[in-house]
Amino acid sequence: MADRPNTKELRDLANRYVWMHNRDWAQMANDGDPIIIVDGDGVRVNDSEGKSWIDVNGGYASVNLGYGRTEIAEAAYQQLLDANYFPVNTTGPSTILLAEKLAKLAPGSLTRSFLVSSGTEANEVALKMARAYHRRRGEDGHYKIISRKGSYHGSTGGALWLGGSPAYVRDDYEPVYPGMVYAPQPNTYRCEMGGQSPSECAVLCAKAVEDLILFHGPETIVAFIGEPVTSGALVPGDEYWSMVRDICDRYGILLIADEVTCGFGRTGKMFAIEHWNIVPDIITVANGIVSSYLPLGAAIAKREVADHFAGQTRMFHQTFTFAGHPVSAAAALANITIMENDKVVEHVIDVGAYFKEALKGLMIDHPIVGDVRGLGLLLAIELVSDRETKAGFRTEQRVIARLNEKLKRHGLLYWASSEILSIGPPLSITRNEVDEIVRAFDLSLRELEAEMGL
Ligand code: PLP
């Protein structure tokens with residue numbers, strides 16, 4: 001860009017005027033941050049001082065096809081030239097064709113999409129849909145929603161209070177949204193229910209969902225929401241999702257699968273829930289639908305759910321000005337076309353298995369690597385101070401901050417926020433790029449352990 005202020009000027013302006021996600025501008029000014037990214041290609045981005053970095057998680061595990069795909073940019077540009085938006089109560093070809101495409105991709109009768117601009121919005125819409133659905137059926141008493149501890153579903157009013165873990169601070173925003181009910185997470189590494197195997201943990205955690213429903217009364221519950229595979233790469237034992245599906249059916253409760261991160265090929269299936277052959281009532285998506293080229297998400301509902309909203313008096317009352325934005329839709333159609341032409345899902349199966357094996361290799365030399373897990377390219381390493389007890393670290397050891405600094409010195413843009421190091425790179429990543437990332441983790445962990453006297 002011609003006539004751009006230099007890096008120091010941009011940095012000063014950023015620290016004076018930009019309110020960045022989860023960053024402290026006083027600290028950034030001290031550290032010579034923020035890094036200012038000017039362009040990118042594949043998994044790499046370049047900063048304003050000419051340094052090249054690997055963006056390990058491709059944004060928020062969201063730049064699925066990598067940076068610099070001109071086909072997506074051109075599709076968006078063409079739509080901008082044709083019609084940048086549409087008048088109220090009309091729609092446009094790209095929005096219609098995207099909804100049709102989603103209906104073809106999604107399993108079962110998940111065929112009607114409410115398009116939005118983010119994962120949070122998709123989940124907010126799903127919650128509203130679920131509540132309104134029960135009212136359309138004449139069952140007014142339902143309002144509670146079951147989510148799982150340790151999950152993340154978004155950052156506004158309702159979605160903020162789904163799930164929850166110490167990594168997602170929300171103390172400033174109390175009181176808790178009404179009607180939130182929390183179930184255990186089927187975390188096979190640390191099973192809250194005491195399960196000693198993935199299967200045992202899955203069965204105990206699914207039964208706990210039923211216990212909660214019975215305790216609260218099925219007539220008060222609207223929906224259950226969970227990510228088929230969590231952002232911390234927790235993969236439940238095989239029994240879990242089919243049991244939860246049966247339980248929801250038994251008590252007339254909607255099952256919402258949050259596929260914001262795990263959808264669109266990330267786990268080696270188009271939708272992660274397809275690993276377990278069940279069909280949720282609503283699937284929410286965002287990130288991979290458009291590889292973060294523009295904001296877009298969707299709540300995709302089963303025909304049997306959506307049909308309750310047909311007819312003037314039954315309409316779903318829900319507006320977002322940017323919902324179904326034609327430019328985002330055009331970009332998403334181009335994104336999905338590339339996914340299909342390049343056989344991205346097949347590539348994820350291959351390179352994801354390779355990446356996981358390489359990360360498992362780190363367990364040989366690094367005693368602080370307690371667990372390596374995940375499916376496809378939704379992976380995670382969990383750090384522990386003691387593999388036997390699975391104990392974490394003391395705050396004053398600053399393990400995460402120190403690891404982040406070291407990874408940065410080895411050329412990785414990577415920001416761990418807890419001892420669970422989530423790894424969700426662009427799906428286009430190559431084996432050579434995997435090797436580069438694993439080598440940088442290896443070196444950084446070695447330095448950290450040496451400093452800690454391990
Ligand atoms: N749900 C899941 C599983 C997520 O991982 C995220 C964000 O990473 C969200 C919802 C919220 O999406 P967004 O940040 O687009 O609002």
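What the table below lists for this structure:
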read-out	value
Residue that is surrounded by the most Cβ atoms within 10 Å (Cβ to Cβ), among those in the range 310-350 that are β-branched (Val, Ile, Thr) and under 18 Å from LYS104 (Cβ atoms)	ILE336
Residue, farthest from the ligand (Cβ to nearest atom), within the range 259-306, restricted to residues that are charged (D, E, K, R) and crowded, with 21+ Cβ neighbours inside 10 Å	LYS302
Cross-chain or 6+ apart pairs with Cβ under 8 Å, the range 116-138 first and touching a residue at least 40 places away in the same chain (Cβ under 8 Å) and among the charged types (D, E, K, R), then part of a helix (DSSP H, G or I) and more than 9 Å from the ligand (Cβ to nearest atom)	ARG136/HIS308; ARG136/PHE309; ARG136/ARG314; ARG137/HIS308
Condition check for PRO426: farther than 27 Å from PRO228 by Cα, in contact (Cβ under 8 Å) with a residue 12 or more places away in the chain and in a loop (DSSP other than H, G, I, E, B)	no
Among the residues listed as LEU127, LEU204, LEU160, LEU98, the single one being outside any strand (DSSP E or B), within 22 Å of the chain's Cα centre (by Cα) and surrounded by fewer than 24 Cβ atoms within 10 Å (Cβ to Cβ)	LEU160
Restricting the range 54-73 to residues that are crowded, with 20+ Cβ neighbours inside 10 Å and among the β-branched types (Val, Ile, Thr), the residue that is nearest to the ligand (Cβ to nearest atom)	VAL63
Residues (in a loop (DSSP other than H, G, I, E, B) and more than 19 Å from GLU124 (Cα to Cα)) located in the range 275-303	ASN277, ILE278, VAL279, VAL290, SER291, SER292, TYR293, LEU294
Selection count, the range 38-84, where residues are in a loop (DSSP other than H, G, I, E, B) and in contact with an Asp or Glu (Cβ under 9 Å, 6 or more places away or on another chain)	5
Given (1) within 15 Å of the ligand (Cβ to nearest atom); (2) under 26 Å from VAL348 (Cα atoms); (3) part of a loop (DSSP other than H, G, I, E, B), index of the condition GLY108 fails	(1)
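Throughout, read-outs are computed from the coordinates displayed, never taken from laboratory work. Everything numeric in this text was worked out from a predicted model, so none of it was measured. Note: ideal-geometry Cβ built from the backbone for every residue, glycine included; neighbour counts use all protein chains shown.
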